[in-house]
Amino acid sequence: MRTTVVSTKGARQWQGIPGIERAANGRLWVTFYSGGPKEPHPDNEVLVTTSGDDGATWSEPEVVASPPGATRAYDPALWHDPAGRLWLIYNQANLETREFTVWAMVAEDSGAARPRWSAPRRLEVGAPFAVHLNKPTALTTGEWLLPLTWGRYAPETPFPRGHELQGVVISTDQGATWRLRGEVEAPPWALENMVVERRDGSLWMLIRTGSGALWQSVSEDRGESWAAGSPTGIVNPGSRFLIRRLHSGRLLLINTPDPERRRRLCAYLSENDGASWSGGLELDGREKVSYPDAAQAPNGTIYAVHDCDRYGPGEIVLKVFTEDEVLAAGEAGGQRAD
């Protein structure tokens, strides 16, 4: 496993919440957000940095979304759609006007050091409160599903705790329009859900909660409706996790296997669509590590990012590893997923 520090906060007061993607020519992109003294704050803004040498060195982070006035930009995600376009999806929020919206910029040339981003565009998701963080899922049947936490009203605070719902917005026209589906309930601080398509065609949603474990829901109709939420056996302290399908067909889970504290990040693999997990490769054994995201190269190499100590050094950390390393950790007695 190879480790590189992508960025530290330097003169910024804090930074964190990263996302990663890899262009077809190998160029890596990482996004995160910072701005102001903390999060949430009206001065929050989204930055990107890039590497043209497989993650060895990185450009100076550049601000790409910084709305005016009391509106903040936060929780960015990077995603290559099936056509190869790079999407930067992020949220905007303004407590004065009680607006909570999802926005996107798209680049056709993500292999370039300075791609041409489209103008920011609001995604109409059909909810008065909406917050997004994780990558969309492109189904084998062609639909795109963007995971969403939403509310029936716009709160006076940054988050409608106790009234949040988990769902997806579905696009059948390559992201031009979206329709909201799903109102899954889970314990408070439910947010940052992710969706994978299982081999039988059903969709599996995992949900961060404040209960000490991830919750789940299943859709049997390509996201149009979702079963009631239920707990999984996957321990989590109420922090972002990552689940995604790898080229091998396995599922990759990166998670914090502690019910209370954001310490240690570990990687696991599943051969059976999440029924059981193997591996337990420790990616980072420190305290205050959180918010993993990952991309995969055609040769199977996994590129994962996370943050560490947002208000201290504010590290954005890159880990490069293989499925074999994850499996070997399990054979050596690595950390269990449940």
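The values are calculated or read from the model by the stated rules, or taken from the named source; none is laboratory data. If you're wondering where the values come from, they're calculated on a predicted model, not measured in any experiment. Here the Cβ positions follow ideal geometry from the backbone for every residue, glycine too, while neighbour counts run over all protein chains shown.
Might you let me know whether segment 282-297 holds any residue that is more than 16 Å from residue 317 (Cα to Cα), out of contact with any Phe, Trp or Tyr (no Cβ under 8 Å at 6 or more places or on another chain) and either aliphatic (A, V, I, L, M) or without any contact (Cβ under 8 Å) to a residue 40 or more places away in the chain (or both)? So far as segment 282-297 goes, no, none of its residues is more than 16 Å from residue 317 (Cα to Cα), out of contact with any Phe, Trp or Tyr (no Cβ under 8 Å at 6 or more places or on another chain) and either aliphatic (A, V, I, L, M) or without any contact (Cβ under 8 Å) to a residue 40 or more places away in the chain (or both). Considering each residue of segment 202-221 in turn, at least one proves to be part of a strand (DSSP E or B), buried (at least 22 other Cβ atoms within 10 Å of the Cβ) and hydroxyl-bearing (Ser, Thr, Tyr). Applying the condition of being in a strand (DSSP E or B) and among the small types (Gly, Ala, Ser) to segment 1-34 and asking which residue is nearest to residue 290 (Cα to Cα) yields 16. Residues of segment 164-195 that are over 16 Å from the mean Cα position of the chain (by Cα), among the polar types (S, T, N, Q) and over 14 Å from residue 125 (Cα atoms): 174 alone.
Selection of first residues in segment 253-264 that are over 14 Å from residue 210 (Cα atoms) and of second residues that are surrounded by fewer than 16 Cβ atoms within 10 Å (Cβ to Cβ) and at pLDDT 95 or above, restricted to Cβ pairs under 6 Å at least 6 apart or on distinct chains, gives the following pairs, ordered by first then second residue: 263/287; 264/285.
For every residue, the table says whether it meets (1) among the small types (Gly, Ala, Ser); (2) not in a strand (DSSP E or B).
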{"site": "272", "(1), (2)": "no, yes"}
{"site": "280", "(1), (2)": "yes, no"}
{"site": "284", "(1), (2)": "no, no"}
{"site": "290", "(1), (2)": "yes, no"}
{"site": "295", "(1), (2)": "yes, no"}
{"site": "303", "(1), (2)": "no, no"}
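Within the set 122, 181, the sole residue that is out of contact with any Pro (no Cβ under 8 Å at 6 or more places or on another chain), of a type outside the set (Val, Ile, Thr), more than 23 Å from residue 44 (Cα to Cα) and in a strand (DSSP E or B) turns out to be 181. Residues that are surrounded by fewer than 16 Cβ atoms within 10 Å (Cβ to Cβ) and either basic (Lys, Arg) or closer than 16 Å to residue 102 by Cα (or both) within segment 129-157 comprise 152, 153, listed in sequence order.
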